[in-house]
Amino acid sequence: MKNRLMVALDVPTAKDALMLRDQLGTHVGWLKVGLRLFVAEGPRLIRQLSEQHPIFLDLKFHDIPNTVAQAVASAGDHGVNMINVHAAGGPEMLKAAAKAATAFPSMQLIAVTVLTSDPMPKEEAQGLVLERAMMAHDAGLKGIVCSVHEVEAIKAICGQDFITVTPGIRWGDQELQDQKRVATPEYAIKQKADYLVVGRPILAAANPVHAADEAVAMMHKASR
Ligand code: C5P
């Protein structure tokens, strides 16, 4: 189960990131590097982090097809295991990205559908998520980022192998913060989400290792 848990390293410096990596060690499967850390520290840190964990480089590319394809290839050169683009970029952009990703068989290219922080009504989000998931699937991407609430419908249409990566994970009395379409680790596993992305509930916990273990324990419970 821990291999399905991705920790969002939304911290300001390489020092913080490496400290967290050493602390969390084998308690989590993946490390996710997003905008804040990548803009601050760049590819050198990616190489250091990838010595011990698979890396999801969460930069959500959204630009013209040629520019996105070039950025996907640059991500592939860093040896990351997962990279994403915004499905809102449209089918031509998605196809160009998918073509660029074929040069890197160990890197999974996925698309963000609708951000889990988007305040649009749940039903409206669901329709748009499905539409964008199908677009990504048809363009040859390996999966999408969505909320737990959309996983079942996406798998029914795009197939069980189409990867679903789900942020917006909260449990107990944790604050939702800016997230809107949230779910617990238990529910995420029951809905067959492939990967759970957890940031602040682990980073801001008094004991991050304990918080990660708690999430994994809930995931295990749901799988029984
Ligand atoms: O702190 P929290 O658990 O809300 O962090 C969620 C992480 O997932 C953040 O790093 C955020 O950038 C990322 N993410 C997201 N929604 C998406 C895609 C990525 O929240 N649709």
* Asked: Rounded to the nearest 20 Debye, what is the dipole magnitude of segment 1-84 about its Cα centre when Lys and Arg each give +1 and Asp and Glu each give -1 at the C-beta?
  -> 180 debye
* Asked: Once the piece of chain linking Leu35 and Glu51 is laid out straight, how much longer is it, given 0.36 nm per residue of separation minus the C-alpha distance between them?
  -> 3.7 nm
* Quickly rank 117-129, 24-36 as a protection proxy: mean count of other C-beta atoms within 10 Å, highest first. => 24-36, 117-129
* To do: Tell me which residues come under 5 Å, amide H to amide H, from Gly34 once H is placed; ignore anything under 5 positions away on its chain.
  => Leu9, Asp58
* Structure fact -> Amide H proximity to Gly143 below 5 Å, modelled H, separation 5+ or other chain, gives Ala111, Ile163
* Rounding to the nearest 20 debye, state how big the charge dipole of segment 20-177 is about its Cα centre with +1 on each Lys and Arg Cβ and -1 on each Asp and Glu Cβ. => 400 debye
* Per-residue HN-Hα couplings for segment 153-163, Karplus 6.51 cos²θ - 1.76 cosθ + 1.60 at θ = phi - 60°, whole Hz, x for Gly and Pro? -> 5, 5, 5, 5, 8, 9, x, 5, 7, 6, 6
* To do: Report the residues of segment 182-199 in range of a label on Ile157: point 7 Å along Cα→C-beta, backbone N strictly under 19 Å from it.
  => 191-194
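Can you tell me the dipole magnitude for segment 139-197 around its Cα centre, using point charges on the Cβ only (Lys, Arg +1; Asp, Glu -1), in Debye to the nearest 20?
With Lys and Arg at +1 and Asp and Glu at -1, about 160 debye.
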* Asked: Which of the peptides 132-145, 172-185 is most tightly packed, and how do the rest follow, judged by the mean count of other Cβ atoms within 10 Å per residue?
  -> 132-145, 172-185
* Asked: Across segment 209-224, in residue order, what do the Karplus-derived ³J(HN,Hα) couplings come to in whole Hz, using 6.51 cos²θ - 1.76 cosθ + 1.60 with θ = phi - 60° and x for Gly and Pro?
  -> 5, 4, 5, 5, 4, 5, 4, 5, 4, 5, 5, 4, 4, 6, 8, 7
* Please turn the phi angles of segment 3-14 into ³J(HN,Hα) values with the Karplus equation 6.51 cos²θ - 1.76 cosθ + 1.60 (θ = phi - 60°), one per residue in order, whole Hz, x for glycine and proline. => 5, 9, 9, 10, 9, 7, 7, 7, 10, x, 10, 4
* Taking the Cα centre of the chain as the origin and placing charges on Cβ (Lys, Arg +1; Asp, Glu -1), which of Leu94, Met218, Val182 is farthest toward the positive end of the dipole? -> Met218
* What percent do you get for the relative contact order of the chain when only Cα pairs under 8 Å and 6+ apart count? -> 18 percent
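Coordinate-derived values only; no laboratory data. Note that this is a predicted model, so its numbers are computed, not measured. For neighbour counting, all protein chains shown are included, and Cβ atoms are generated from backbone atoms with ideal geometry for every residue, glycine included.
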